[in-house]
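Accompanying notes for the structure given below.
The values are calculated or read from the model by the stated rules, or taken from the named source; none is laboratory data. What you are looking at is a predicted structure, and each value in this text was computed from that prediction instead of being measured. All Cβ positions, even for glycine, are placed from backbone atoms using ideal geometry, and neighbour counts span all protein chains on display. Just so you know, the surface numbers come from the protein's heavy atoms only, side chains and all, with ligands and any DNA or RNA stripped out. Shrake-Rupley method; radii C 1.70, N 1.55, O 1.52, S 1.80 Å.
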There are 2 protein chains.
Amino acid sequence: MSDVHVERRDRLRERCSATGLDAALITHPANLRWLTGSAGGAGVGSDSAEGARALLVTPAAAVLAAAGLWSDADLGGGLTRVGTGPADDPAVVLAARCSGGSSLGVEEHDLTVARHRAVTAAASLRQIRDLGCAVEQLRTVKDEQELSLLRIAGEIADQALGELLESIVAGRTERHLAMELERRMIDHGADGAAFPVRVGTGDHSGRAAHASGDRRVEEGDFLTVALGACYRGYRVSATRTFVVGLGPADWQAELHRQVFSAQRAAREALAVGAGQDAADRAAHRVLDSLGHAFGHPYDTSGAGVGLEIGEEPHLGLQELGKLDNRVPVTVGVGVSLPGRGGVRIEDTLVVRPSEDGGPELLTITTKELLAL
Amino acid sequence: MSDVHVERRDRLRERCSATGLDAALITHPANLRWLTGSAGGAGVGSDSAEGARALLVTPAAAVLAAAGLWSDADLGGGLTRVGTGPADDPAVVLAARCSGGSSLGVEEHDLTVARHRAVTAAASLRQIRDLGCAVEQLRTVKDEQELSLLRIAGEIADQALGELLESIVAGRTERHLAMELERRMIDHGADGAAFPVRVGTGDHSGRAAHASGDRRVEEGDFLTVALGACYRGYRVSATRTFVVGLGPADWQAELHRQVFSAQRAAREALAVGAGQDAADRAAHRVLDSLGHAFGHPYDTSGAGVGLEIGEEPHLGLQELGKLDNRVPVTVGVGVSLPGRGGVRIEDTLVVRPSEDGGPELLTITTKELLAL
C-alpha cells in the first residue's frame, strides 16, 4: 500500500502531462484498485459498487472519495480519503474540487452520460476531456507481484479442473457443475470465480459465450468448461473441452485435433514485439489451410488479463499494437456446430522473451480430449 | 416467455408514445431481462456482460441483439433475435436499424459516454433523447409471479441466517462466514447471493457498507450480517445484528433497542399512498426524540428490490413520490460508533393495503439481539 501505488499514480500524472491534462478523474473500478491498492466494498463480483468510489489525481495530490462515514484522512503515500454521503456521486464531489482553469480527464468509457453531465456541471468552469483507456494501458505490463498473483490464480483454476476430471459428470446439470467448480476454487483460496463459470454440454459445447443452464450432461456429449479464479483481485481464464463416456466419436476427435492445432499455433505466435494480431492470424492460417475440410465458422479470442478479464491489450486481426514482455493474455479458439456442439480451448499465458523460454503458460491442465 | 413480456413491452411503447419517442433502445441488464425474460450470458453477478446485449423496441417490433452466433430468429411473442460479432456493440448495431426521422430514447444512466457517442453516430439522422428510468419505473409494481419469487428468495436468506445461528462464529473471519452464508443460500436453491454478503464484526459492525474482510469474530463483539438471495433473478436483502458470547453489555442492549424501535417505526410507516419519505421520517422521529441520549450519527436506507437491489422506488427524506401496492422495498436503520461498532437492522417488505394486513414481511428471521 505504499511505493508501488505512488509510482503508478506518478506514471498516470506523466501520461496526463503528456496529453495536456492537469488532472484525471478515475472511476473505473479496476483502475481505482490498481492506483490505490484498495478494492472498495462490493467483493469479488465487481471491484466496487457502481458509482461508489472515485479518485482525483492532480500533480500534487490524490484524493479518493467514497460513500461512507470516513472523515478526511491521509492514508500515507499521498493518498487522501474523503467520505461522501450515501446518495452522493463521489465523482461529482471530486469534480467540484478541481481548481479553476484546469483541464480534467475523465473516463468516458466508464462514466454514463448521466454521471458525465453531473460531473461537468460540478466542474463547470473547466475543460473536461476524455482520458480514454490511459490507465488500462498502464496496467498491461505486470510487475513481479502481479505475475505471482496470476500464477496462483492459474494454479487454483487448474486444481479445480483437476478435481472435476475425477468426478462424475454424467447426469449433472451445467449449472450444478459450474457452482461446484466455483466452490472448489474458493476452497483452494480464490476470492471467488474470475467470472461466472461457463459449462456447456451437448450442443452448448464449444461456444464462446454460454451461460450454464439446466441441461444435463449425457454420454457422448462434448463438455466445455470455461473457468478462472480471482486471487487478490487478479484473474485468469481457461477453457477445456472433454467428451463424456468411453471415448470420442471420430468427428469429435477430428474437430478437437483441428481446434487444438489452431490454438497451439496462436499460443506459439505470442512473442515480445509480435503484433496484437499475431495469435489470431496464426489460428486462422491453420484453420483456413484445412480448406473445404473445415467449413465451420470458428472464433478466436484473446485479450489481456489482470485485475479484469478482457482488459488491454486486445488481440484480434484488426489490432495494430505490439505485445510487450510481462503482458498476460488469453488465447482461445473455438468451434460450435449447430445442433452438435464443439470444442473450445483457451489458455492464459504471459508474453516473455524467447531467451526466457517464450510465453509462460499459467493454465497448465492438459488440453487433450479426455473422456470423463 | 410469452404474454407477460409482450405486455411489458407494450407498456414501454405506451410510455414512449406519451413522451414523444418513437423507439426505445434498452441496454440496462435488469431492464433487458424484465422485457425479454432472458437473463443473458453472464450469470448471477451481473445479468449480462456489459455491452453484450441490447433491445430495440419500436411500435411494431422488438429486436434483441447480442454477441454470438445466433441467426435472425423469431422467438415468439414478437421478439426477434439478431446475432452480432463478438467485437460489436449490440446497441450500435440496433441504433443503425432505426428508420429515418424517428426519435430514439436511450438509457443515459446506463450508456457510457463512449457508447452513447457510437450509438449517436450509428443513428445519425435521428433525434436521440434520454429515456430516463422509464423501465425501472414500470418495474416497481410486481406481478404475482414476481412476488412469489421474492418470497422464495426471502425464505432462502432466512434459512441461511437460521443455520448461521446454530453454528460457531467466534474465531472465524468475516470473509469465511460470508462465503459460508453464500454457499448455504446456493444449497437452498438460490442462483447465488443477491450481492456480496457483508459480515462486519467488532467495530466493523453496524455499518451500511463494509466489505467482509479478514477480521476474526471475538467474544463480546457486535456481529452484523447483511445478506440476500437471488432466486430466478429476483433479490431480497436483510441485515441482522448479533452479539458474540454470553450476552450483550448494557450499552449494546440499549443501542439495539433504539435501532430496533426506529426500524420498526420505519416498517410501520409503509402504506399504499404513503410518501417515499415516510419510512425515513418515522425512523428519524424515533431517534431524534431520544434527544441528547442518542447523539450518534445514524443512517437510514431503503429502496426497491426486484431484479436489482436498490432499484426504483428510492426511499429517503427528499423523495417526493408515493408508494404503491405490490412494491417491495428494503427498510434499514443502522448506527456504527467509531471504535465500537454498532447495530444495523434491515428487512425487505412488500407494500400492501392495510385491509390486507399492511406491509408483507419477506425476511422473517427474528430481529432480537441474539447471542451467538
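Before we move on, is A:Glu180 free of Cβ contacts under 8 Å to residues at least 60 places away in the same chain and open to solvent by 20 Å² or more (accessible area, probe 1.4 Å)? In short, yes. Against the test of being among the acidic types (Asp, Glu), farther than 14 Å from A:Ala265 by Cα and buried (at least 16 other Cβ atoms within 10 Å of the Cβ), the options A:Glu368, A:Glu319 yield a single qualifying residue, A:Glu319.
B:Arg115 passes every criterion in (1) open to solvent by less than 30 Å² (accessible area, probe 1.4 Å); (2) in the same structural domain as B:Arg15 (by TED's automatic domain parsing) apart from (1).
In the set B:Arg172, B:Arg129, only one residue is assigned by TED's automatic domain parsing to the domain that holds B:Ala23 and either of a type in the set (Ser, Thr, Tyr) or over 25 Å from B:Val272 (Cα atoms) (or both); that residue is B:Arg129. Identification of strands (runs of 3 or more DSSP E) wholly contained in the stretch B:197-297 with 2 or more residues that are modelled with pLDDT under 95, under 20 Å from B:Gly316 (Cβ atoms) and of a type in the set (Ser, Thr, Tyr) yields no element.
Among the residues of the stretch B:181-201, those that are closer than 27 Å to B:Leu337 by Cα and at the interface with chain A (Cβ under 10 Å from one of its Cβ atoms) comprise B:Phe195, B:Pro196, B:Val197, B:Arg198. Would the stretch B:330-343 turn up any residue that is within 13 Å of the chain's Cα centre (by Cα) and touching a residue at least 24 places away in the same chain (Cβ under 8 Å)? The answer is yes; a qualifying residue exists.
For the stretch A:322-365, taking the residues that are among the polar types (S, T, N, Q) and not in a strand (DSSP E or B), the one that is surrounded by the most Cβ atoms within 10 Å (Cβ to Cβ) is identified as A:Thr363.
Take the residues of the stretch A:165-185 that are touching a Lys or Arg at 6+ places or on another chain (Cβ under 8 Å) and under 15 Å from A:Gly228 (Cβ atoms): which is modelled with the highest pLDDT? Ranking the candidates gives A:Ala178 first. Is it the case that A:Val169 is away from chain B (no Cβ under 11 Å), in a loop (DSSP other than H, G, I, E, B), touching a helix residue (DSSP H, G or I) at 6+ places or on another chain (Cβ under 9 Å) and open to solvent by less than 60 Å² (accessible area, probe 1.4 Å)? In short, yes. Going through (1) within 11 Å of chain A (Cβ to nearest Cβ); (2) closer than 29 Å to B:Pro29 by Cα; (3) open to solvent by less than 20 Å² (accessible area, probe 1.4 Å) one by one, B:Ser212 falls short only on (3). Listed by position, the helices (runs of 4 or more DSSP H) contained in the stretch B:86-148 that have at least 1 residues being closer than 30 Å to A:Leu315 by Cβ and within 14 Å of chain A (Cβ to nearest Cβ) are B:90-95, B:113-122.
Given the conditions (1) at pLDDT 85 or above; (2) more than 14 Å from every other protein chain (Cβ to nearest Cβ); (3) open to solvent by 40 Å² or more (accessible area, probe 1.4 Å); (4) closer than 20 Å to A:Ala209 by Cβ, which single one is not true for B:Val63? It is condition (3) that B:Val63 fails.
For the stretch A:79-117, the set of residues classified as under 27 Å from the mean Cα position of the chain (by Cα) and of a type outside the set (A, V, I, L, M) consists of A:Asp89, A:Pro90, A:Gly105, A:Glu107, A:Glu108, A:His109, A:Asp110, A:Thr112, A:Arg115, A:His116, listed by residue number. Which count do you get for residues in the stretch A:153-163 that are of a type in the set (Val, Ile, Thr) and open to solvent by 60 Å² or more (accessible area, probe 1.4 Å)? Matching residues across the stretch A:153-163 total 0.
Residues checked against (1) polar (S, T, N, Q); (2) free of Cβ contacts under 8 Å to residues at least 12 places away in the same chain; (3) in the same structural domain as A:Glu163 (by TED's automatic domain parsing):
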{"site": "A:Ala194", "(1), (2), (3)": "no, no, yes"}
{"site": "A:Gly200", "(1), (2), (3)": "no, no, yes"}
{"site": "A:Glu219", "(1), (2), (3)": "no, no, yes"}
{"site": "A:Tyr234", "(1), (2), (3)": "no, no, yes"}
{"site": "A:Gly245", "(1), (2), (3)": "no, no, yes"}
{"site": "A:Arg257", "(1), (2), (3)": "no, yes, yes"}
{"site": "A:Ser261", "(1), (2), (3)": "yes, no, yes"}
{"site": "A:Ala269", "(1), (2), (3)": "no, no, yes"}
